[in-house]
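Working notes, structure below.
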Amino acid sequence: MHEAIGRSHTLDCTLDPARAAALHVILGLNGPAPAEGDPLPPFWHQIYFWDPLPAEKLGRDGHIKIGGFIPDLGLPRRMWAGGRLEFHAPLRIGTPAEKRITIESVALKDGRSGPLAFITVRHEVYQNGKLCLKEHQDLVYREDPDTGAPKPIPPVARTDEDTRENHSFNSTLLFRYSALTLNGHRIHYDETYSREVEGYDGLVVHGPLLAQLLMHMAERELGSLKTFSFRATAPVMHFETVTCCKKGADMWVRGPDGRQCMQATAS
């Protein structure tokens, strides 16, 4: 068992209504923004529990430097591959909350493109001593891209959805979402870094932002969510328009070329 498993720390945060109002605007939502005392919409806890670090504690990609809380497994590229959420009770805007963060698992595997490190981090969010939300984040670390190697072929997305929504992105949206979530990952706002170092075709749309759009769709169709799980299967670039799809409990994001970018399940 890896020595990092069980490593934990706690963050405290009052769920400031001003941040919720800002996210409401950034996402282009209609109607009034949720206010103090209202339940926090699902996944909006991502804009809270900031843990700003000095520059010397950040890696080349703008994220927390590996070798501290996240173990250094010799692989520099970080991706949020997916996650699972359990909604136990509403989080209330304007109320102090506590998030307990624990490394749950660490594993090294060989993938088609080389070695991979899988790290699962558990987040538990409490208000007034009551567990309101449990989230597992699946992080993947990998080698720098081989410029001469062919790019992986993504899966083909389903086309049998009952509900669909189109969503477009731009660099301003990605920058504002990065700022509000205090996400320093340069693939979302530094196009030169994203292309030349990490081998993408442009700025990368945040996986959690895609999951957020799916969660909003699920909540409109199903009501208050009890669970949500998602897995990223192909990156989305800032200049692309994608289609968020739903059929029953199944959800997915389809790229403009028909590729599957994310799959999810909601209940």
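Here, each number is a calculation from the coordinates, and none is a lab measurement. Quick caveat: nothing in here was measured; it's all calculated off a predicted structure. Note: ideal-geometry Cβ built from the backbone for every residue, glycine included; neighbour counts use all protein chains shown.
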Q) Count of lysine pairs in region 8-266 with Cα atoms under 24 Å apart, counting only pairs 8 or more residues apart in sequence or on different chains? A) 13
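Taking the Cβ of each residue in 242, 156 as the centre, tally the other Cβ atoms inside 10 Å and list the residues starting with the fewest.
Going from sparsest to densest Cβ surroundings: 156, 242.
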Q: Take the Cα of residue 249, step 7 Å along the line toward its Cβ, and report every residue of region 149-177 whose backbone nitrogen sits under 13 Å from that point.
A: none
Q: Once you have a ≥ b ≥ c as the square roots of the Cα gyration tensor eigenvalues for region 1-102, tell me rounded if a/c is under 1.5, and otherwise prolate or oblate according to whether a/b is larger than b/c.
A: prolate
Q: Using the 2.2 N^0.38 Å rule of thumb for compact globular proteins, work out how region 140-215 stacks up: its C-alpha Rg over that value, please.
A: 1.28
Q) By counting other Cβ atoms within 10 Å of each Cβ, how are 5, 93 ranked from fewest to most? A) 5, 93
Q.
Per 0.36 nm of contour for each residue apart, how much would the distance between residue 50 and residue 21 grow if the chain were fully extended, relative to their Cα-Cα spacing?
A. 8.8 nm
Q) Which whole-Hz ³J(HN,Hα) couplings does region 63-76 yield from phi under the Karplus relation 6.51 cos²θ - 1.76 cosθ + 1.60, θ = phi - 60°, glycine and proline marked x? A) 8, 3, 5, 5, x, x, 4, 8, x, 8, 9, x, 10, x
**Q.** Cα gyration tensor shape for region 57-178, rounded if a/c is under 1.5, else prolate or oblate
**A.** oblate
Q: Using the Cα centre as the reference, give the magnitude of the dipole from point charges on the C-beta atoms of region 8-266 (Lys, Arg: +1; Asp, Glu: -1; all else neutral), rounded to the nearest 20 debye.
A: 320 debye
Q | Stretchable slack from residue 134 to residue 172, in nm (0.36 nm times residue separation minus alpha-carbon distance) | A | 10.6 nm
Q) Tell me, what is the FRET efficiency for residue 241 and residue 33 to the nearest 0.05, using R0 = 25 angstrom and their Cβ-Cβ distance as r? A) 0.50
Q.
Test of understanding: what is the full-extension gain from residue 86 to residue 224, defined as 0.36 nm times their sequence separation minus their Cα-Cα distance?
A. 48.5 nm
